[in-house]
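Engineer: Sharing a structure here in C-alpha cells format.
Rule-based calculations on the coordinates, nothing more; no lab input. On a predicted model such as this, the values are computed, not experimentally measured, just so you know. Counting neighbours? That spans all protein chains shown, and the Cβs are built from the backbone with ideal geometry, glycine included.
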Amino acid sequence: MVHVSATPVLALRGVSKRFGAVQALTDVELEVHAGEVVALVGDNGAGKSTLVKTIAGVHPIDDGSIEWEGRSVQIDKPHDAQHLGIATVYQDLALCDNIDVVGNLFLGRELKRRGVLNEVEMERRSRELLNTLSIRIPSVRIPIASLSGGQRQTVAIARSMLGEPKLVILDEPTAALGVEQTAQVLDLVERLRERGLAVMLISHNMADVKAVADKVAVLRLGRNNGVFDVKSTSQEEIISAITGATDNAVTRRAARHGEAQK
Amino acid sequence: MSTEKTTTTVAPSAENPEAAAAAAPVVDPRLLVREQGFAGYIGEFKRRMRAGDLGSVPVIVGLIVIWAIFSSINSRFLTAENLSNISVAMVGTGMIAVGIVFVLLLGEIDLSVGSVSGVAGAFSAVLAVNHGQSEWVALIAAIVTGIVIGIIHGFFFARIGAPAFAVTLAGLLFWQGLMLQILGDDGTINLDNDGLIAHLTSYYFSDVAAAYGLALVAVVVFFLSSFLDSRRRHAAGVPSRPLSDIVLRTAVLAVVAFAAAIMFNQYKGLPLALVIFLAVLVLTDFTLRRTSYGRKVFALGGSVEASRRAGINVIRVRISVYAIAGGFAALGGLFLASKIQAANQGAGTGDLLMNAIAAAVIGGTSLFGGRGRTWNALLGVMVITSIQYGLALQGIATPIQYMITGAVLLATVCIDSITRRTQRTAGRA
C-alpha cells in the first residue's frame, strides 16, 4: 500500500445540487487522498454522474464547498478543474477516430517547433508516456479506429495524464470491455496510484471495485450511504448499501432490539 | 466469488507487460512490421489495398485509363499542346476544389462556391474596367470579397446552427443574383487582354530553364525535407523512413516532374497558372498536415465532441474553413474569368460547382469528413478536365460531357462508400 497523505487532495463538504424540482445531490461528503483509489458506486440515478460533473466543473454546486489540498476552491467551469489538476475521462471517450494515437494524445495542446507541429517530439513523448504506463498498443502512428475498446480506453486515460493531473476521475472505464481489456485498464489504474495520483473510479462492476479500489463510497438517491474500506468489507455489504437493502424489516427489527438491549 | 478470480488474473498480467516492455519496449507482437527492401513495399501495398486504404490509387489508375482511351481514339490528345492547355484550364476549377477539400474535411458541404467565383470575377472586372482601378487592387478586392462571403456562410452555419447545406444553397442563389446585379444590363465586361488578370492564364515562362528549374527545385526540396525529417526522427529514437524508401519516392517524383517539364517546354513553356496552383497546393497541404490549425480541421472531421472537449474553438475553426472555401472560390473565379478574358453572366453557373465538388471527391477526399488532402484536388480536376478536353477533341457535345462526368462522379462516390465500409471491417475507419 502506498503512503496516503494526511490532507485529502479533494474533499467535498456538504455538497448539494438541484436540477429544477429534482434534488440530485444532498449533503454529499467525500475525500480522496493522493495515492488512493476511491470507487464511487451507486445504482442508476444515484447521482454518480452528477457528482463527477460537479467536480469536473460541468455543473457548479449549489451548496456546500469543495476543498482542494486543504483550501476551499470554486469550480465553476471545466477549465477551473483542469487548472487545479483534475483530469476527467468520460465514458464516451472523446477521441477522434481518424487521427492517430499521437495526434489524439496531444489534441488541443500540440507541441510546436517554429510554428510547425513537432511530430518527432510528440511521438517521442507519446512512446515515453505509454511505456511508463506500460500501455501496449501496436503502433502510435495508427488511427484510433484501428484500436480495440480497451486500447482506446487506455489511450484516453494516458491522454488525461499529459496535463500532469493530481486527481484522475474515470467514469465507467471498464464498461463494455472484454476480460483481458478490463484487466489492462485495471492495471493502469493501479499504476496511476503507484505514481501517487488520487484516482476516483466510477463503476458498476463490483469485481473491478474490489480488485483495485482502496475505499468505496456509496451514493444512494443523491446522499452518502456509507464509505467502506474495501479490504474489510464484503461485497454483499456494499451491494446492500447500494440497493438500500439494509433498510428493511429485518434490519429495522435488529436495530430496535439493539436499542432495547441498551 | 468472481472477486478472487479477477484479482488473480490481474496480478500476473501486471507483471507480464513490464517484462515484455523491458525486452521489446516499442514493437508490439501483433503489429505487422513491414519487411525491409522492395518485397516490403509490395507486401505493404497489397495489405493496404485489402484493408480499403486506397488513397490516390483509384484516381491515378482512372487517369491512366482515361488518357489511354482518349489517345487511342485521337492521336492529338497526348500532345504537348493539348496537355498544356488542360493544365491551364484546370486551374480555375482546381482552386475552387481546394477550398471544397477543406469543407469536406469537416464533413460539410459548400454549394455556393460556383456563384461566389462568379461574383468575384464580376466584381474584379467592374473595379478594373468600369472604375479604372489597378488590376492588383481588383484582384485582392475580389479575393477579400470571397473570404467575407465565406465568413458570412460560416457565421450562419457555425454560430446560428443552420445546416451548411441549406445556408450555402441560399448562398448559391443570392450570390448569383448579386453577380447579375453587378454586371448590369450589358451582361459582359471584357478584361484588358494584357492586364494582370488576363495574364494569370495567358502567361507562360517561355525560357526552358524555368520548367526544368522548377522540377529540379521540387525534387531537391522533397528529398532534403524527407531526408532531414528522417534524420531528426532517427536522432530522437522514433521509427524513421529508410533511405531506400526516400530515394524511391524522390525518383518517382523526379520522373513525373521532368516528364511534365519536357512536355511544357515542347509547347509554350511553363504556364504561370500551374505554378500558382502548385504553390497553393504545397501551402495548403502544409497547413493541413503540419500546423495545429490543420490538426483542428481534421479533428472536427473526426469528432466534434472530442474536439470541443480538447479545447478547440469549434465555431472559429468552422467559420475559418468557410472563409478559406470562399477565398479559393474567388481565386478560382479570377482564373476562370482570365481564361475567357471577360466576366459574363454565365460565370459560376452550369456544371462548375459540380465539377469542383467532383474533383475533390474523385481525388480521394471523403464526403464523410476527416479524410483527404488538397493534392487530391489536383488529381481530381485533372481527371475531369481531361474528360472535357478529350470529348471536345472528338467534337462530342456538352450533354454527353455532362453524362460522362456524372457517371465518373457516381463511380467515385461508390468507391468512397465501399472503401469506407472495407476500412471499417478492417478497423481503419
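Engineer: May I ask for the percentage of alpha-carbon pairs in the protein assembly as shown that lie more than 37 Å from each other?
Structural biologist: Percentage above 37 Å: 50.
Engineer: Kindly put B:222, B:102 in sequence by how many other C-beta atoms sit within 10 Å of each C-beta, fewest to most.
Structural biologist: Neighbour counts put them in this order, fewest first: B:222, B:102.
Engineer: Can I ask one more? Separation between the residue B:248 and residue B:308 pseudo-spin-labels, each 7 Å from Cα along Cα→Cβ, expressed in nm?
Structural biologist: If labels sit at residue B:248 and residue B:308, their model points lie 4.5 nm apart.
Engineer: On to the next question. List the pairs from B:46/B:296; A:48/A:77; A:53/A:215; A:48/B:296; A:53/A:112; A:112/B:46 whose alpha-carbon separation is above 27 Å, in the order I gave them.
Structural biologist: On the way: B:46/B:296 31 Å; A:48/A:77 18 Å; A:53/A:215 20 Å; A:48/B:296 32 Å; A:53/A:112 32 Å; A:112/B:46 35 Å.
Over 27 Å Cα-Cα: B:46/B:296; A:48/B:296; A:53/A:112; A:112/B:46.
Engineer: Given contacts defined as C-alpha pairs under 8 Å and at least six residues apart, what's the relative contact order of chain B, whole-number percent?
Structural biologist: Computed over chain B, the figure is 31 percent.
Engineer: As a test of understanding, state the convex hull volume per residue of region A:19-77 from its alpha carbons, in Å³. Please report the intermediate quantities before stating the final value.
Structural biologist: Values: hull volume 5.6 nm³, N = 59.
Value for region A:19-77: 95 Å³ per residue.
Engineer: Right, here's the next one. What is the projected area of the convex hull of the Cα atoms of region B:314-391, averaged over all directions, in nm²?
Structural biologist: 6.2 nm²
Engineer: If you scale each eigenvalue of the Cα gyration tensor by 5 and take the root, what three semi-axes come out for chain A, rounded to whole angstrom and sorted largest first?
Structural biologist: With the √(5λ) rule applied to chain A, the semi-axes are 36, 21, 16 Å.
Engineer: If you don't mind, another one. Taking just the alpha-carbon atoms of region A:96-186, what radius of gyration and Dmax come out, in angstrom?
Structural biologist: Both quantities, over Cα of region A:96-186: 13.2, 45 Å.
Engineer: Right, here's the next one. As an exercise, use a Förster radius of 35 Å and the Cβ-Cβ distance of residue B:169 and residue B:71 to find the FRET efficiency, rounded to the nearest 0.05.
Structural biologist: 0.35
Engineer: What does the convex hull of the alpha-carbon atoms of chain B project to on average, in nm²? Don't skip to the end; give the middle numbers.
Structural biologist: On the way: hull surface 104.5 nm².
The Cα convex hull of chain B, projected and averaged over all directions, gives 26.1 nm².
Engineer: Measure out, as a whole number of angstrom, how far apart the alpha-carbon centroids of region A:105-149 and region A:7-80 sit.
Structural biologist: When both Cα centres are located, 32 Å separates them.
Engineer: Can you put A:208, A:171, A:63, A:229 in order of Cβ neighbours within 10 angstrom, beginning with the fewest? Before the final figure, lay out each step's value.
Structural biologist: Values: A:208 25, A:171 20, A:63 13, A:229 10.
Lowest count first: A:229, A:63, A:171, A:208.
Engineer: Report the antiparallel proportion of the DSSP beta bridges in the protein assembly as shown as a percent, rounded to a multiple of 5.
Structural biologist: 60 percent
Engineer: Where the centroid of each part is defined by its Cα atoms, how far is region A:169-226 from region B:284-299 in Å?
Structural biologist: Cα centroid of region A:169-226 versus Cα centroid of region B:284-299: 37 Å apart.
Engineer: I need B:50, B:232 ordered by Cβ neighbour count within 10 Å, fewest first.
Structural biologist: In order of increasing Cβ crowding within 10 Å: B:50, B:232.
Engineer: In degrees from 0 to 90, rounded to the nearest 10, what is the angle of the helix B:208-236 Cα long axis to the longest principal axis of chain B?
Structural biologist: Long axis of B:208-236 versus the principal axis of chain B: about 20 degrees.
Engineer: At residue B:222 and residue B:209, where each label point lies 7 Å from the Cα along Cα→Cβ, what is the point-to-point distance in nanometres?
Structural biologist: It is 2.4 nm.
Engineer: Could you give the length gained on full extension between residue A:92 and residue A:245, defined as 0.36 nm per residue of separation minus the Cα-Cα distance, in nm?
Structural biologist: 52.0 nm
Engineer: Shape call for region A:51-135 from the C-alpha gyration tensor, a ≥ b ≥ c root eigenvalues: rounded (a/c under 1.5), prolate (a/b greater than b/c) or oblate?
Structural biologist: The shape class here is prolate.
Engineer: Here's a follow-up. Check the straight Cα-Cα distances from residue B:268 and name the lysines below 19 Å, setting aside those fewer than 8 residues away within the same chain.
Structural biologist: Those lysines meeting the cut-off are B:339.
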